[in-house]
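Visitor: Just passing along the structure, written as structure tokens.
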Amino acid sequence: MVIRKLFRFENAHIVRHCTSRRCSRSLHGHSYKVELLFESPSLDRGQMVYDFGLTKGMIKDFIDSFDHAITLWSGDDPAYLRDMKKWSERWVQLPVNPSAEQFARTIFLLVDRVLEQTDMVNGESRVQLVSVVVHETETGYAQADRKDAYDSTMGPTDLAAIIFSERVRQEWRDPAMFERLLRGERFVNPDVV
């Protein structure tokens, strides 16, 4: 069975080297919608694939990192990166160009790792992330599945190359959650949220 959870965030970026002049040469923003599709071959004790309340912890914090922030590409001009970081408290720097496609891949990698390192205590069984759909506009979206997310020909897959600004990290429920995730620490879902 498959379930879908929708998140939203407002974000600014420049997508260098794309065809559209406005997109590639001017800072601009979007009202993003992010769909996470989860599946499981069975249901938990509440007869759910995965309680939506459980997505309001680390998963929500990682997605919310992009809200009212600037997403930067580490391969961009160093002066631009320096200026954006100087004038914005909230920013995320990715090792990939911040297109809708790369947002979908990045969010897939983050959420997949969270699930992989989480001990589930509510009877969940083999909950997997199926795909991430990132709606950049009302008419355009990108969708990444496991194959896309881990395809190194589409860009780096190393989460350690992502940098979250200090302000973003301070707003997480656990400011050390990213380091803990990178170290491979185990997380335990709450019994009740």
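The values are calculated or read from the model by the stated rules, or taken from the named source; none is laboratory data. All values reported here derive from a predicted model rather than from experimental measurement. Here Cβ is always computed from backbone atoms with ideal geometry, including for glycine, and neighbour counts include all displayed protein chains.
Visitor: With Phe66, Phe38 as the choices, which residue is at pLDDT 95 or above and not in a strand (DSSP E or B)?
Guide: Testing whether each residue is at pLDDT 95 or above and not in a strand (DSSP E or B) leaves just Phe66.
Visitor: Here's a follow-up. What do you reckon, is Ala160 modelled with pLDDT of 95 or more, in a strand (DSSP E or B) and touching a helix residue (DSSP H, G or I) at 6+ places or on another chain (Cβ under 9 Å)?
Guide: no
Visitor: Would it be correct to say that Glu166 is surrounded by 14 or more Cβ atoms within 10 Å (Cβ to Cβ) and more than 16 Å from the chain's Cα centre (by Cα)? It would help to see each step written out before you state the result.
Guide: Values: surrounded by 14 or more Cβ atoms within 10 Å (Cβ to Cβ): no; more than 16 Å from the chain's Cα centre (by Cα): yes.
Against the criterion (surrounded by 14 or more Cβ atoms within 10 Å (Cβ to Cβ) and more than 16 Å from the chain's Cα centre (by Cα)), Glu166 does not qualify.
Visitor: Counting only residues that are part of a loop (DSSP other than H, G, I, E, B) and either aliphatic (A, V, I, L, M) or more than 19 Å from Arg167 (Cα to Cα) (or both), how many does segment 69-84 have?
Guide: 3
Visitor: Now for a separate question. Sort out which residues of segment 11-52 are surrounded by fewer than 16 Cβ atoms within 10 Å (Cβ to Cβ), in contact with a Ser or Thr (Cβ under 9 Å, 6 or more places away or on another chain) and of a type in the set (S, T, N, Q), and write them in order of number.
Guide: Those that are surrounded by fewer than 16 Cβ atoms within 10 Å (Cβ to Cβ), in contact with a Ser or Thr (Cβ under 9 Å, 6 or more places away or on another chain) and of a type in the set (S, T, N, Q): Ser31, Ser42.
Visitor: Could I ask something else about it? I'd like the full set of residues that are crowded, with 16+ Cβ neighbours inside 10 Å and either touching a His at 6+ places or on another chain (Cβ under 8 Å) or β-branched (Val, Ile, Thr) (or both), limited to segment 136-162.
Guide: Those that are crowded, with 16+ Cβ neighbours inside 10 Å and either touching a His at 6+ places or on another chain (Cβ under 8 Å) or β-branched (Val, Ile, Thr) (or both): Glu136, Tyr141, Thr157, Ile162.
Visitor: From the list Val121, Val96, which one is on the phi < 0 side of the Ramachandran plot, β-branched (Val, Ile, Thr), in contact (Cβ under 8 Å) with a residue 12 or more places away in the chain and crowded, with 19+ Cβ neighbours inside 10 Å?
Guide: Answer to the selection: Val96.
Visitor: Additional query: Please find, among Val127, Val193, Val133, Val111, the residue that is closer than 21 Å to Phe52 by Cβ, surrounded by fewer than 18 Cβ atoms within 10 Å (Cβ to Cβ) and not basic (Lys, Arg).
Guide: Val193
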